[in-house]
Structures are given as structure tokens and as C-alpha cells.
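The values are calculated or read from the model by the stated rules, or taken from the named source; none is laboratory data. All values reported here derive from a predicted model rather than from experimental measurement. Cβ placement follows ideal geometry from the backbone for every residue including glycine, while neighbour counts extend to all protein chains displayed.
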Amino acid sequence: MLMMAMMLEESDASDSQLIGQARDGDETAFGKLVERHYDFVYRVAYRWCGRRVDAEDIAQEVCIRLGRAILSFKGNAAFSSWLYTLTLNAARDFARRTRRDSAKTEAYGVHALVSGAIEPEPDDPAEALWAAVRLLPDKQREAVLLVYGEGLSHAAAADAMGSAEATVSWHIHEAKKRLKVLMRQAGEV
């Protein structure tokens, strides 16, 4: 009975309780924290890069980084905002690494060998829009991901991005203008 109560208590633990326990070296609490937020991390990564395989790699990298970075979480912002920043940094690093690897691959003339490795995503009408979002400048892309992808308010997005609410609103405004042009060019509007 005591074991059942402990398991129930652990599953009902708040993020802050799990974070505290994970900081103290509790691997079970850390695992529960990762399990609780993995879908969020994967969703953000997927919207950033647009490929399942890459999103899985980014999410795995975030889990590894989280293990090292959990001690630096101060609790000044929501854990999800902090985790969003950690995910975006991992996605940016992944994109830079991919660009470097592609440049090396092309430089060595083996591009044709790996060009068939890209797995096409299913034909989803929303994917055309997200593909256009991935063409936006980083800050505009981040604002759109947070506001429209994650449903955050402009104020909450500003907290996650470390900027002013007015700046997020401006990024959204500019993104809408660019997306309209991109979608028109793609014949989607």
C-alpha cells in the first residue's frame, strides 16, 4: 500500500517538485519530467525543422541537454518557457550542423549518394503553411511557432523569447506579410 501511495504521489508531483528531485539526483523524477514534456519538445522541434527524423534527433539532444542544464534552471520563468528556449537552441545547433555537413558533402561530391535519404512527409495542407513558416527569419519563425503553434499569448511568447511583447507583435505582423507572399508564390492562396 505504501508503494502505491508513493507511485501515485510521484505521478501527481508538480514540475517544480520533479525539478527539485531531479536536481538532487533522482533519476526517476528526471525521467518523469522528460516524459511529461517530451511531446512538447518534439512538437516544437518538428515545427522548426519539418522532418520527423530530424525532430526526433533534436528532441533526443534536448533530453541530453536537459540532464546537464537542470541545475541551471532558476525558476524565474515557467519551466515550459525555459524548455522552449533549450529546444530552440538545440534546433538552431542542429540546423547549423546540417548546413555544415551538407556543405562538406557537396564539396566532396557525394551529394548524389545521400540525396535519396530524405523521407517525404505526407501531403498535409497545413504542412505547406508550416513549410513556409520554416522559410521565415528566425525571430519571426519563433514568434509564429509560439503564438500559433503552441497557442501562447504575445506576452507569454515574449517571455519565452526574452523580448518585449511589442516586439513579438511586430514579428507576427511581419511574418504574416511574408507568409502571404510565400503562400501566393506557392499557389496555396
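Here's the yes/no breakdown for (1) modelled with pLDDT under 90; (2) buried (at least 17 other Cβ atoms within 10 Å of the Cβ); (3) under 25 Å from residue 89 (Cβ atoms):
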| position | (1), (2), (3) |
| --- | --- |
| 117 | yes, no, no |
| 125 | yes, no, no |
| 135 | yes, no, yes |
| 145 | yes, yes, yes |
| 156 | yes, yes, yes |
| 165 | no, no, yes |
| 177 | no, no, no |
| 185 | yes, no, no |
Residues of segment 31-69 being under 23 Å from residue 13 (Cβ atoms) and touching a Leu at 6+ places or on another chain (Cβ under 8 Å), which ones?
32, 33, 34, 36, 37, 40, 41, 62, 65, 66, 69
In segment 8-51, which residues are free of Cβ contacts under 8 Å to residues at least 12 places away in the same chain, part of a helix (DSSP H, G or I) and small (Gly, Ala, Ser)?
20, 31
How many residues, within segment 60-88, are within 12 Å of the chain's Cα centre (by Cα) and in contact (Cβ under 8 Å) with a residue 24 or more places away in the chain?
11
Requiring at least 3 residues that are within 17 Å of residue 83 (Cβ to Cβ), the helices (runs of 4 or more DSSP H) wholly within segment 133-189 are 154-161
When you check residue 129 against the structure, is it buried (at least 16 other Cβ atoms within 10 Å of the Cβ) and modelled with pLDDT of 85 or more, yes or no?
no
Test: residue in segment 56-70 that is under 20 Å from residue 147 (Cβ atoms) and not assigned by TED's automatic domain parsing to the domain that holds residue 150:
no
